[in-house]
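Trainee: First, the structure itself, so that you have it in front of you.
The values are calculated or read from the model by the stated rules, or taken from the named source; none is laboratory data. Owing to the predicted nature of the structure, the values given are computational and were not obtained by experimental measurement. Neighbour counts are summed over all protein chains in view; Cβ atoms, including those assigned to glycine, are modelled from backbone coordinates with ideal geometry.
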Amino acid sequence: MRVVIAEDQALLREGLGRLFEDAGHEVVASLGDAQHLLPAIVGHRPDLLVIDVRMPPSFSDEGARAAAQVKDEHPDVGVLVLSQHIETEHAVGLVRLGGFGYLLKDRVLDVADFLDAAERVAGGGSALDPKVVARLVSPLAGDNRLRQLSEREREVLELMAEGLSNTAIGKRLYLSERTVEGHVRQVLMKLDIPQSEDSHRRVLAVLAHLDATQAQR
């Protein structure tokens, strides 16, 4: 996997680079701002861009806007946005494009999960941070359909929204794949979401349900 990193904090930038290289991936460019990002994407044709949501000069949303531009102009490039804080404003819109992830920076400390998310995004899948998913779901706790879900089904729903496959959900919850499949069927049925085997389409279906539920409140 060929990776471009755009992160203004030098230590984190170098740490990310070493993490990817130790895992056998190639870091083809490492940038401290978003100014030279697009030329780097064009010149190196990476599989994955890892970018901080807040970049110089204003440290507001330069990274998020750069991520959106990269996805618009280079849709085959996976984009993994990192953030210090939960900011759902950018996450939901971009995840609909596929090949997109939004993780809090502390997720980098769990190297195996972080690399799994990065590889999933580079392959066209989705990866939403669990805390971001929880922020999206928690205001909807009063919705009748969500109240029909068991505690386990709620856990499965949140992992589906993160972009995990049934196999990955099973590993996370220490369940067999068949058991997960049963929970997923129940979740989709109770929330009136169409069945799908594609992980990204499942994410879109879950987000569409959340959007519709929020609009009704």
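Trainee: For the structure I just gave you, tell me whether V81 is part of a strand (DSSP E or B) and either touching a residue at least 12 places away in the same chain (Cβ under 8 Å) or among the hydrophobic types (A, V, I, L, M, F, W, C) (or both).
Mentor: Judged against the criteria, V81 is a match.
Trainee: Would it be correct to say that A134 is modelled with pLDDT under 85 and surrounded by fewer than 20 Cβ atoms within 10 Å (Cβ to Cβ)? Give the derivation first.
Mentor: Values: modelled with pLDDT under 85: yes; surrounded by fewer than 20 Cβ atoms within 10 Å (Cβ to Cβ): yes.
Yes, satisfied.
Trainee: Which one of these is surrounded by 15 or more Cβ atoms within 10 Å (Cβ to Cβ) and not small (G, A, S): L38, L49? Step through it out loud before you land on a result.
Mentor: Numbers: L38 fails: surrounded by 15 or more Cβ atoms within 10 Å (Cβ to Cβ).
It is L49.
Trainee: Something else about it: Could you tell me how many of the residues in region 39-64 are farther than 21 Å from L115 by Cβ and under 16 Å from the mean Cα position of the chain (by Cα)?
Mentor: Residues in region 39-64 being farther than 21 Å from L115 by Cβ and under 16 Å from the mean Cα position of the chain (by Cα): 1 in total.
Residue by residue, here is whether (1) touching a helix residue (DSSP H, G or I) at 6+ places or on another chain (Cβ under 8 Å); (2) in a loop (DSSP other than H, G, I, E, B); (3) of a type in the set (D, E, K, R) holds:
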residue: I51; (1), (2), (3): yes, no, no
residue: S60; (1), (2), (3): no, yes, no
residue: G63; (1), (2), (3): no, no, no
residue: K71; (1), (2), (3): yes, no, yes
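Trainee: Another question, then. What tally of residues in region 116-126 results from selecting those that are within 16 Å of A23 (Cβ to Cβ) and small (G, A, S)?
Mentor: 4
Trainee: A further question on this structure: Among the residues that make up region 103-123, is at least one of them within 23 Å of I5 (Cα to Cα), buried (at least 16 other Cβ atoms within 10 Å of the Cβ), in contact with a Ser or Thr (Cβ under 6 Å, 6 or more places away or on another chain) and modelled with pLDDT under 90?
Mentor: No.
Trainee: Report whether or not V3 is part of a strand (DSSP E or B) and modelled with pLDDT under 95.
Mentor: Working: part of a strand (DSSP E or B): yes; modelled with pLDDT under 95: no.
No; evaluated as a whole, the condition is false for this residue.
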